[in-house]
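S.K.: Starting off with a structure, shown below.
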Amino acid sequence: MKHGFPWRALAGAAVIALGALAAGPAWAQDYPAKPVRLVVPYAAGGPTDTFARALAESWSRKLGATLVVENRTGAGTLVGTETVAKSTADGYTLLLTTVAHAVNPSIHASLPYRTVEDFAPVGLAAKAPLVLVVNKNLPAGNLPEFMAYLKANPGKVNYGSAGIGSAPHLGGELLNYLAGVRATHVPYRGSAPAMADVIGGHLDFMIDSAPTGLAQVQAGTVRLLATSMAQRLPQTPDTPPMAEAVPGYEAYTWNAVFAPAGTPAAAVDKLNATLRAALADPELRRRAYDMGLVLQPDTTPAELAVFLQSELKKWGEVARAAHMTAN
């Protein structure tokens, strides 16, 4: 028996395809129809979490849906990052991460996700500068004197950090790498105990986040010598950037938003547009200024993709030179 061409099956497939095409714009129009989860791979109360919650307030208003901050800590950001990488790519799960995302491939033997391929960039939200603070008894009153002191005492000047691969660690190793000096790294479990030892004289210096470092400067417990961005900070206009003594030096952490790879382009576009609107919100700008952050209101997904590649290259070189490893 001869079988005719399956016109009915073809027609049915066509109807399904047309339905899917029609549903695309409708889906985009209805998105988001429920709360969006913003995963932060850091503990509650820290600087990343604090900014995430301030951002979520403003972004929720622009997005028209609640952004719920969820702290998923563990393994130096790997747990929270993996959570997002393996989440459904429907626009309802996002990752707010930091420079650790660009450093982890260089300091871990393996990762439970692919740093680039498993994520869809949404936007770079903020840059968080660092500040160079020293023990008040260190015989260096300004940045040139500090650099001269480092060069005269190779291996004898120590600095603290919040742990291997943290922003303070990266800032210190970038200084070693670019200036050809040998400051000794002492890792701690968090910035607070490291700063306490700078104050107490057990450490010589620290390249800490601007909010916590400047708080100690204002309290008179440490001395501020430099900042880490290429330009001077509006919060400390009289303090020189490290680049004035170390050409090419620029170190900072950052806050960027990623979605799982495969998230519909319409969702990414809407997330980016509303993120940009949130970053232009005067209330968020005021709060970010108080946190020592530099917001990035003109961010685009394409720019974040390029930025991530540059950060991977930069910190990969520093990590290799410093023989950094988290394993």
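S.K.: Yes or no: Ala226 closer than 24 Å to Ile199 by Cβ, hydrophobic (A, V, I, L, M, F, W, C) and surrounded by fewer than 17 Cβ atoms within 10 Å (Cβ to Cβ)?
M.R.: Considered against the rule, which asks whether it is closer than 24 Å to Ile199 by Cβ, hydrophobic (A, V, I, L, M, F, W, C) and surrounded by fewer than 17 Cβ atoms within 10 Å (Cβ to Cβ), Ala226 comes out as no.
S.K.: Given the criterion modelled with pLDDT of 95 or more and closer than 25 Å to Gly316 by Cβ, identify the matching residue among Leu138, Leu178, Leu224.
M.R.: Leu178
S.K.: Quick one: what pairs do we get from the stretch 256-274, first residue of a type in the set (Asp, Glu), second part of a loop (DSSP other than H, G, I, E, B), C-beta under 7 Å, 6+ apart or different chains?
M.R.: Between residues of the stretch 256-274 that are of a type in the set (Asp, Glu) and residues that are part of a loop (DSSP other than H, G, I, E, B), there is no close pair.
S.K.: Out of curiosity, is Ile164 in the same structural domain as Arg53 (by TED's automatic domain parsing), among the hydrophobic types (A, V, I, L, M, F, W, C) and at pLDDT below 95?
M.R.: No, not satisfied.
S.K.: Still on this structure, please answer the following. For the stretch 75-94, enumerate the residues that are part of a strand (DSSP E or B) and of a type in the set (S, T, N, Q).
M.R.: Within the stretch 75-94, just Thr93 meets the criteria.
S.K.: Still on this structure, please answer the following. Here are some residues: Ala128, Ala120. Which one is of a type in the set (Gly, Ala, Ser), within 21 Å of Gly213 (Cα to Cα) and touching a helix residue (DSSP H, G or I) at 6+ places or on another chain (Cβ under 9 Å)?
M.R.: Sole residue among the options that is of a type in the set (Gly, Ala, Ser), within 21 Å of Gly213 (Cα to Cα) and touching a helix residue (DSSP H, G or I) at 6+ places or on another chain (Cβ under 9 Å): Ala128.
S.K.: Among the candidates Gly155, Gly160, which residue alone is in a loop (DSSP other than H, G, I, E, B) and of a type outside the set (Asp, Glu)?
M.R.: The unique qualifying residue is Gly155.
S.K.: Still on this structure: Out of Thr239, Thr253, Thr227, report the one residue that is in contact with a helix residue (DSSP H, G or I) (Cβ under 6 Å, 6 or more places away or on another chain) and of a type outside the set (Phe, Trp, Tyr).
M.R.: Thr253
S.K.: Report, ordered by the first and then the second residue, all pairs with beta carbons closer than 6 Å, sequence separation of six or more or different chains, a first member in the stretch 70-83 that is without any contact (Cβ under 8 Å) to a residue 60 or more places away in the chain, and a second member that is buried (at least 16 other Cβ atoms within 10 Å of the Cβ) and among the hydroxyl-bearing types (Ser, Thr, Tyr).
M.R.: So the pair list comes out as Arg72/Thr83; Glu82/Tyr113.
S.K.: Going residue by residue through the stretch 175-188, is there one that turns out to be of a type in the set (S, T, N, Q), in contact with a Gly (Cβ under 9 Å, 6 or more places away or on another chain) and more than 27 Å from Phe307 (Cβ to Cβ)?
M.R.: Checked against the condition, which is being of a type in the set (S, T, N, Q), in contact with a Gly (Cβ under 9 Å, 6 or more places away or on another chain) and more than 27 Å from Phe307 (Cβ to Cβ), the stretch 175-188 yields at least one hit.
S.K.: Then there's this: Can you tell me which residue within the stretch 239-266, out of those that are of a type in the set (A, V, I, L, M) and in a loop (DSSP other than H, G, I, E, B), is farthest from Val133 (Cα to Cα)?
M.R.: Here the residue is Ala261.
S.K.: When you scan the stretch 275-285, do you find a residue that is within 18 Å of the chain's Cα centre (by Cα) and modelled with pLDDT under 95, even just one?
M.R.: Looking through the stretch 275-285, none of the residues is within 18 Å of the chain's Cα centre (by Cα) and modelled with pLDDT under 95.
S.K.: If I ask for residues that are free of Cβ contacts under 8 Å to residues at least 40 places away in the same chain, within 14 Å of Lys156 (Cα to Cα) and in contact with a strand residue (DSSP E or B) (Cβ under 8 Å, 6 or more places away or on another chain), which ones from the stretch 194-215 would you list?
M.R.: None; the set is empty.
S.K.: Go through the stretch 223-256 residue by residue and tally those that are of a type outside the set (A, V, I, L, M) and over 23 Å from the mean Cα position of the chain (by Cα).
M.R.: Selection size over the stretch 223-256: 7.
S.K.: Among the residues of the stretch 68-125 satisfying the criterion of being more than 16 Å from the chain's Cα centre (by Cα) and of a type in the set (Phe, Trp, Tyr), which is surrounded by the fewest Cβ atoms within 10 Å (Cβ to Cβ)?
M.R.: Of everything passing the filter in the stretch 68-125, Tyr113 is surrounded by the fewest Cβ atoms within 10 Å (Cβ to Cβ).
S.K.: How many residues are assigned to a helix (DSSP H, G or I) and outside the structural domain of Gln231 (by TED's automatic domain parsing) if we restrict to the stretch 96-151?
M.R.: Looking only at that region, the number is 8.
S.K.: In the stretch 301-313, what count of residues is obtained for those that are out of contact with any Gly (no Cβ under 7 Å at 6 or more places or on another chain) and in contact (Cβ under 8 Å) with a residue 24 or more places away in the chain?
M.R.: Qualifying residue count, the stretch 301-313: 8.
S.K.: Could you check how many residues of the stretch 180-194 are in a loop (DSSP other than H, G, I, E, B) and farther than 19 Å from Thr212 by Cα?
M.R.: Number of matching residues: 4.
S.K.: Looking at the stretch 40-69, which of its residues are assigned to a loop (DSSP other than H, G, I, E, B) and touching a residue at least 24 places away in the same chain (Cβ under 8 Å)?
M.R.: Those that are assigned to a loop (DSSP other than H, G, I, E, B) and touching a residue at least 24 places away in the same chain (Cβ under 8 Å): Pro41, Tyr42, Ala43, Ala44, Gly64, Ala65, Thr66.
The values are calculated or read from the model by the stated rules, or taken from the named source; none is laboratory data. Source: prediction; values computed, not measured. Glycine also receives a Cβ, built like all others from the backbone with ideal geometry; neighbour counts cover every protein chain displayed.
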